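The values are calculated or read from the model by the stated rules, or taken from the named source; none is laboratory data. Quantities reported herein were computed from a predicted structural model and do not represent experimental measurements. Cβ coordinates were reconstructed from backbone atoms using ideal geometry, including for glycine residues, and neighbour counts include every protein chain displayed.
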Amino acid sequence: MSDAASTRPPADAGVGIVHLGIGAFFRAFGIPWIREAMVASGGDWGVVGVSLRSPAVRDQLKPQNCVYNAVELGPDGETARQIDILRDVLVAPEDPDALLSAMVHPNVRIVSLTITEKGYCHNPATGKLDLTHPDIRVDLEGSFPKSAPGYIVRALELRRAAGRAPFTVLTCDNLPDNGALARGVILDLAHEIDPGLADWIRAKGRFPGTMVDRIVPATKPEDIAHVEQLIGHHDAAPVMHEPFRQWVIEDDFVGSQRPDLGAVGVQLVADVTPYEHMKLRMLNGTHSSMAYLGYLAGHETIAEVAADPVFAAFVKRLWREEIIPALDPPPGVDLQAYADQLFARYSNPAIRHLTWQIAMDGSQKLPQRILSTLGENLNAGRPSPGLMLAVAAWMRYVGGTDERGNPIDVQDPLAATLRKLSDGAEGTDKVRALLTVREVFPAELATRLEEGVTEAYGMLLAAGARQAVAAAGGA
Ligand code: CS2
């Protein structure tokens, strides 16, 4: 291996970052990249990882001293890199005090987050904190916090009381305006607890927006066996990822304290918005469209969907005619070339990214991935048959039964509500029922979507997903 991974970061580097949500994504993306910055320029940027719920990752990593392999799966080969800057893994509900102590430590200057869309406890349609969310109720009424925003607010309160500067909150989730969204929910929660605390955070806190991109499917049991063969010893917690990566960060940190990420290819910019829109709508928007339609058509992975000529033509048309026309490109970026590169990434046969995995939590994902583009197309009078079909496919999916009559394991915080609404109506009337879910569809948008989505849903019922895809612009 010829890159920075073969050089070791300073062994005595202390902990500078607490990362909430230590799933596969950050272990395959942020942590290796921070490690490279430490190799290049030093700094005390060791990471403490945190699980907010399950002990599973901690139980895998602790016996191996929190060292694991990040395995790059290219179309023509694999490279394993040993990642050794994770210093500890904490499980919040087991020892909330230990987590708060880590977050309050004077050397910790960044709290980064990959807690998924639902971890922000906001209303996806408005981006505002949901004060009725059960976890937020615990944050406000319990002796210890429960949600990620709850821990952040409590830790900031303790830092303020100790006369310390706040840490930078570095959100790395696929949300629109993620920095502003994180700042909003944290300020709203702080305000409920102590308006003075909210003022202090508003004045001194920093919440840079980011765009993060690397395809990292969940690690499967067969991956663990495969990595053992590749590296010659057992690793209970490897992560598998594609070669591509892109990290764009607004350079706005408390006291300018951050790893030297610019030295190792991270883009530090003044405004992340155009990058974020491009990625959320072009990558995640088509990912979700391919996930629902592909699942219904019987495709197990994104690579299988991309290899189906009907879907390939459909997704390329989606970019060209429905998504790119509604975007302002980031400086110097050719959006058609970006689309071509995305298609090549989706086609990587070494990445087994399940349509079912991407289909999870659709109620939290649809607004920023698909509905934002649809809203703009409706305003511009631009037809969007493909995106209407994607929304209809999500509705069919959350109905809980596939085209062969088999049950679908729908994972979504609103799964029960969605199922009930779908079950309570017949045929295409299910569309009108599901359009009443205000967390997903603001009233005005729902009205404007009804005709197009009903027509698309009718097509799904009459012809099945693959034929519907063909009719909406597939080959
Ligand atoms: C995917 C993303 O699971 C999903 O919803 O769309 O995790 C996607 O793989 C990443 O955002 C790629 O950067």
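Out of curiosity, is ARG432 under 18 Å from ALA125 (Cα atoms) and of a type outside the set (S, T, N, Q)? So ARG432 passes the test. Among the residues making up segment 313-332, those that are touching a Leu at 6+ places or on another chain (Cβ under 9 Å) and closer than 19 Å to ALA344 by Cα are PHE314, VAL315, LEU318, TRP319, ILE323, ILE324.
Taking residues in segment 136-151 that are under 19 Å from THR116 (Cα atoms), and partners anywhere that are at pLDDT 95 or above and surrounded by fewer than 16 Cβ atoms within 10 Å (Cβ to Cβ), the pairs with Cβ atoms closer than 6 Å and at least 6 places apart or on different chains are LYS146/VAL138.
Only one of the numbered conditions (1) more than 22 Å from GLY119 (Cβ to Cβ); (2) at pLDDT below 95 is not met by ALA225, and that is (2). Of the residues examined, GLY150 is not one that is under 19 Å from the mean Cα position of the chain (by Cα), part of a helix (DSSP H, G or I) and among the small types (Gly, Ala, Ser). For the criterion of being at pLDDT below 95, over 30 Å from LEU366 (Cα atoms), more than 23 Å from the chain's Cα centre (by Cα) and among the charged types (D, E, K, R), ASP76 passes.
Of all residues in segment 289-314, those that are crowded, with 24+ Cβ neighbours inside 10 Å and within 13 Å of the ligand (Cβ to nearest atom) total 7.
Could you list all residues from segment 124-140 that are out of contact with any strand residue (DSSP E or B) (no Cβ under 9 Å at 6 or more places or on another chain), of a type outside the set (Lys, Arg) and modelled with pLDDT of 95 or more?
If the condition is that a residue be out of contact with any strand residue (DSSP E or B) (no Cβ under 9 Å at 6 or more places or on another chain), of a type outside the set (Lys, Arg) and modelled with pLDDT of 95 or more, then LEU131, THR132, PRO134, ASP135, VAL138, ASP139, LEU140 are the ones that fit.
The requirement of being crowded, with 22+ Cβ neighbours inside 10 Å, without any contact (Cβ under 8 Å) to a residue 40 or more places away in the chain and away from the ligand (no atom under 16 Å from the Cβ) is fulfilled nowhere in segment 166-184; no residue meets it. Report yes if PHE244 is aromatic (Phe, Trp, Tyr), in contact (Cβ under 8 Å) with a residue 60 or more places away in the chain and in contact with a Pro (Cβ under 9 Å, 6 or more places away or on another chain), otherwise no. Judged against the criteria, PHE244 is not a match. In the set (1) within 15 Å of the ligand (Cβ to nearest atom); (2) assigned to a loop (DSSP other than H, G, I, E, B), VAL212 fails one condition alone, (2). Of all the criteria given as (1) within 12 Å of the ligand (Cβ to nearest atom); (2) charged (D, E, K, R); (3) surrounded by fewer than 23 Cβ atoms within 10 Å (Cβ to Cβ), the one not satisfied by ARG281 is (3).
Out of curiosity, is VAL266 more than 25 Å from LEU371 (Cβ to Cβ), within 15 Å of the ligand (Cβ to nearest atom) and among the hydrophobic types (A, V, I, L, M, F, W, C)? Yes, satisfied. For beta carbons closer than 7 Å, sequence separation of 6+ or different chains, a first residue in segment 327-339 that is touching a residue at least 40 places away in the same chain (Cβ under 8 Å) and a second that is of a type outside the set (A, V, I, L, M), the qualifying pairs are LEU327/HIS277; LEU327/ARG281; ASP328/PRO274; PRO329/PRO274; PRO330/PRO274; PRO330/TYR275; LEU335/PRO329; ALA339/TRP319.
GLU455 - would you say it is assigned to a helix (DSSP H, G or I) and acidic (Asp, Glu)? Spelling it out, GLU455 is indeed assigned to a helix (DSSP H, G or I) and acidic (Asp, Glu).
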